[in-house]
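Comments concern the structure below.
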Amino acid sequence: MGFINIYHEGWDAHSDVTGNVRNNCAATDKASAALVTDLKRRGLLDDTLVVWGGEFGRTPMVETNPALGRSLGRDHHPQTFTMCMAGGGIKPGISYGATDELGFNSVQDPVHVHDIQATIMHCLGFDHERLTFHHQGRDYRLTDVHGHVVNALLA
């Protein structure tokens, strides 16, 4: 089993969110699509898990703070965020979960980051609950003790 991480920084759009997203998408969209297309064409997508995401989402309202030099941006928003997953045991062509009309709160099928981690580990062949250890009176694991595999995402 091998892992490849590809990082693309610069998505932290506290100012000019429109320009930021436009420029970053122009730099990554074609390459991302080519990666998934090539994996599928070569018969490798079934055995390769592709995960595209970040550590949090963005607020649905505009962030402007002249004291910090910010305008027309978006602040950090851990309550809702989007991830894209393909191949490696993930059900193709689905959208899972939904937010309210503002994109502020999860209103349908919320998934915690620990659940994402548990699901990724499941796709990689690990039982996240078996990796539990007890330390200083508390159980710990990579998904904390709250993560659950999101079976609705699995093929």
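For the reader, a short list of remarks on this structure follows.
- Taken over the range 44-73, the residue count meeting the criterion of being within 22 Å of ILE120 (Cβ to Cβ), surrounded by fewer than 16 Cβ atoms within 10 Å (Cβ to Cβ) and not charged (D, E, K, R) is 5.
- Residue list for the range 1-56, restricted to those being more than 22 Å from ILE90 (Cα to Cα) and aliphatic (A, V, I, L, M): ALA13, VAL17, VAL21, ALA26, ALA27
- ALA118 being in a helix (DSSP H, G or I) and touching a Ser or Thr at 6+ places or on another chain (Cβ under 9 Å): yes
- The range 89-131, residues that are of a type in the set (Val, Ile, Thr) and surrounded by 13 or more Cβ atoms within 10 Å (Cβ to Cβ): ILE90, THR99, VAL111, VAL113, ILE116, THR119, ILE120
- Taking residues in the range 52-68 that are among the hydroxyl-bearing types (Ser, Thr, Tyr), and partners anywhere that are assigned to a loop (DSSP other than H, G, I, E, B), the pairs with Cβ atoms closer than 7 Å and at least 6 places apart or on different chains are THR59/ARG74; THR59/ASP75.
- Filter pass, ALA152 being without any contact (Cβ under 8 Å) to a residue 60 or more places away in the chain and not in a loop (DSSP other than H, G, I, E, B): no
- Among (1) under 25 Å from GLY125 (Cα atoms); (2) surrounded by fewer than 16 Cβ atoms within 10 Å (Cβ to Cβ) - the single one HIS8 does not satisfy: (1)
Every number in this text was worked out from the coordinates using simple rules, so none of it is lab data. No experiment lies behind these values; they were computed from the predicted model shown. So basically every Cβ, Gly included, is an ideal-geometry build from the backbone, and we count neighbours across all protein chains shown.
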